[in-house]
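To keep things clear, I will list the structure first and then write my remarks on it.
The values are calculated or read from the model by the stated rules, or taken from the named source; none is laboratory data. In this text, all values refer to a predicted model and were calculated from it rather than measured experimentally. With ideal geometry, Cβ positions are generated from the backbone for all residues, glycine too; neighbour counts draw on all protein chains shown.
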Amino acid sequence: MNKLLHSIWPPGMRIQLTLWFIAVFSVLMLLFGAVFYLNLRASLQTNFDASLQSRTQQIAAGINEDKGTITIDDVTGVLPGLTDPDASADNATPKSNSQTTADHSTVKKTSADVNLGTLVRILNAHGDVVYVTPAFLALNIPPASVSQPLHSNTWQGTVTAKNGQTVRLYSTALMENGVVYGVIQVGESLAPLGNTLRSVTIELLLIVPFVLLLGVLGSYWLAARAFAPIDRLTRTARRIEAGDLHERVPVPRSRDEIQSLALTFNEMIERIDKAFKRQRRFVADASHELRTPVAAIRSMTDVVLAQKEAIASEEYKTILRDVNAEAERLGHLINGLLLLARSDENQVLFEYEPVRLDLLVADVAATIEPLATERGITLKVIAKQEITITGDEVRLIQVIMNLLDNAVIYSNSGARVTIEVKTELNHVLIIVNDTGIGIAVDQLDHIFERFYRVDPARSRAMGSTGLGLAIVDWIVRAHKGTITVESEVGKGTTFTVALPTAEQKSA
């Protein structure tokens, strides 16, 4: 049903909040009405029973028994149809059963409505009717209402009249010196109580829709006020363009969801702004890096073509070697850019398998050692134990190769480069330490950015593309690892790669 409503008429947030408010408020009103009605009915019934009991006691106070004769004084003045015991001498003597029957037939003919006045019946100790109001004869009286009071037990209940109306009846014993000499039964119609409850029900049914209407209007107004800050955020966000990300949405002072939304939105804009800046810087750096080898190749070929006289074969070979070197550098640069572009799109697949990291480090160090020896740098490998991790062997070779290559490039003759692999807690550490030129503190936060170089002239002269550390950072993060750097200018640099062990990664 909800899906059908959304497909036919998709309501906005304000309408949805208003509808939810109506639903919740309707349930609360229903519960309140039910509880109020039940409590009111219980209270009215309790008061009704207390009033009936009090009236019974008042009437009983005017009833006396003398030598088997029951006399009554109408102390309440509301007992129509009762024979006044002082009116004639006949009433002073007990009535026979035939006289009682005759009286009953007369009363039945002139029976009154049970809703008018008090219903009273008085019986003697034998259960014979002594006095009765006309309307009382219209009631269906259960035998227990007489038998229980004759045994000194009060009886109270609801009985019905012959026309279907309900009457509340209270029946109790008449006692003199602890001896039961009769029973008094007093009843009163429940019609006034029912009328009161019906009136309350009608009033509730009339009030509830009006209250709900006011609730709808109030909830929509409150929803509009609640969404006013969001409207301001939306207007501000629409003014922010891709080229002008310095503007921020206003943050309200109240510590609520709107403040959290505004702060989150500003943080998102800040990240987008940084991403755009990185993208612009990346495009500019890539253009510059690609232009440099192309310009060098073109310059060398232009020199050859500009010479009119013949060039010796050795000079041709030298120029071709230089062109080949620049083309190779250009190829490395393009491959690195392509690799990082694919990594940004999550299009690079890793082949994870068990790798003996200690042997891998030794093999890569052996490949780099001729270059280190040529530059007068000592290269040392420390691998005291067998270490196996789960990873992509080719990518891990790139990590080790780039870190060692970076250490050799930024170290002078006579420096020392050490690579150590060991386990520590639940991680495998690859530590590359050199005693080279070091990195300034303000540059440490940027060395993993693409095309960033600590010494641009020196690294470019060594054929560096400026993408090595960016690729290292990406590969390490893809292996669920971390890389950190510590450095001091003039004393050297230490790179620490922490990779999860095979057991931890599988877990």
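What the table below lists for this structure:
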| quantity | calculated |
| --- | --- |
| Residue pairs meeting the criteria (Cβ under 9 Å; at least 6 apart or on separate chains; first without any contact (Cβ under 8 Å) to a residue 12 or more places away in the chain, in segment 120-142; second crowded, with 22+ Cβ neighbours inside 10 Å) | none |
| Condition broken by residue 266, with the remaining ones in (1) over 30 Å from residue 447 (Cβ atoms); (2) modelled with pLDDT of 70 or more; (3) under 36 Å from the mean Cα position of the chain (by Cα) satisfied | (1) |
| Count of segment 412-426 residues which are buried (at least 19 other Cβ atoms within 10 Å of the Cβ) and touching a Ser or Thr at 6+ places or on another chain (Cβ under 7 Å) | 2 |
| Residue within segment 360-375 that is under 20 Å from residue 500 (Cβ atoms), at pLDDT 90 or above and in the same structural domain as residue 471 (by TED's automatic domain parsing) present | yes |
| Options 68, 81: the member that is on the phi > 0 side of the Ramachandran plot and modelled with pLDDT under 70 | 81 |
| Selection within segment 376-392 - of a type outside the set (A, V, I, L, M) and surrounded by fewer than 17 Cβ atoms within 10 Å (Cβ to Cβ) | 376, 378, 380, 384, 385, 386, 388 |
| Selection within segment 215-244 - surrounded by 15 or more Cβ atoms within 10 Å (Cβ to Cβ), within 25 Å of residue 276 (Cα to Cα) and of a type in the set (Ser, Thr, Tyr) | 236 |
| Lone unmet requirement of (1) part of a helix (DSSP H, G or I); (2) modelled with pLDDT of 85 or more for residue 188 | (1) |
| Every residue from segment 351-390 that is closer than 27 Å to residue 412 by Cα and of a type in the set (S, T, N, Q) | 367, 373, 378 |
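Residue by residue, here is whether (1) over 23 Å from the mean Cα position of the chain (by Cα); (2) of a type outside the set (A, V, I, L, M, F, W, C) holds:
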{"position": "234", "(1), (2)": "yes, yes"}
{"position": "240", "(1), (2)": "yes, no"}
{"position": "245", "(1), (2)": "yes, no"}
{"position": "260", "(1), (2)": "no, yes"}
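Let's see how each residue does on (1) of a type outside the set (A, V, I, L, M); (2) in the same structural domain as residue 157 (by TED's automatic domain parsing):
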| position | (1), (2) |
| --- | --- |
| 178 | yes, yes |
| 198 | yes, no |
| 207 | no, no |
| 218 | yes, no |
| 234 | yes, no |
| 246 | yes, no |
| 251 | no, no |
| 261 | no, no |
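Yes/no per residue for (1) within 30 Å of residue 25 (Cα to Cα); (2) surrounded by fewer than 15 Cβ atoms within 10 Å (Cβ to Cβ); (3) in contact with a Pro (Cβ under 7 Å, 6 or more places away or on another chain); (4) in the same structural domain as residue 45 (by TED's automatic domain parsing):
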residue: 145; (1), (2), (3), (4): no, no, no, no
residue: 150; (1), (2), (3), (4): no, no, no, no
residue: 164; (1), (2), (3), (4): no, yes, no, no
residue: 181; (1), (2), (3), (4): no, no, no, no
residue: 184; (1), (2), (3), (4): no, no, no, no
residue: 213; (1), (2), (3), (4): yes, yes, no, yes
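Here is a yes/no grid of residues against (1) in contact (Cβ under 8 Å) with a residue 12 or more places away in the chain; (2) assigned to a helix (DSSP H, G or I):
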| position | (1), (2) |
| --- | --- |
| 349 | no, no |
| 369 | no, yes |
| 376 | yes, no |
| 395 | yes, yes |
| 399 | yes, yes |
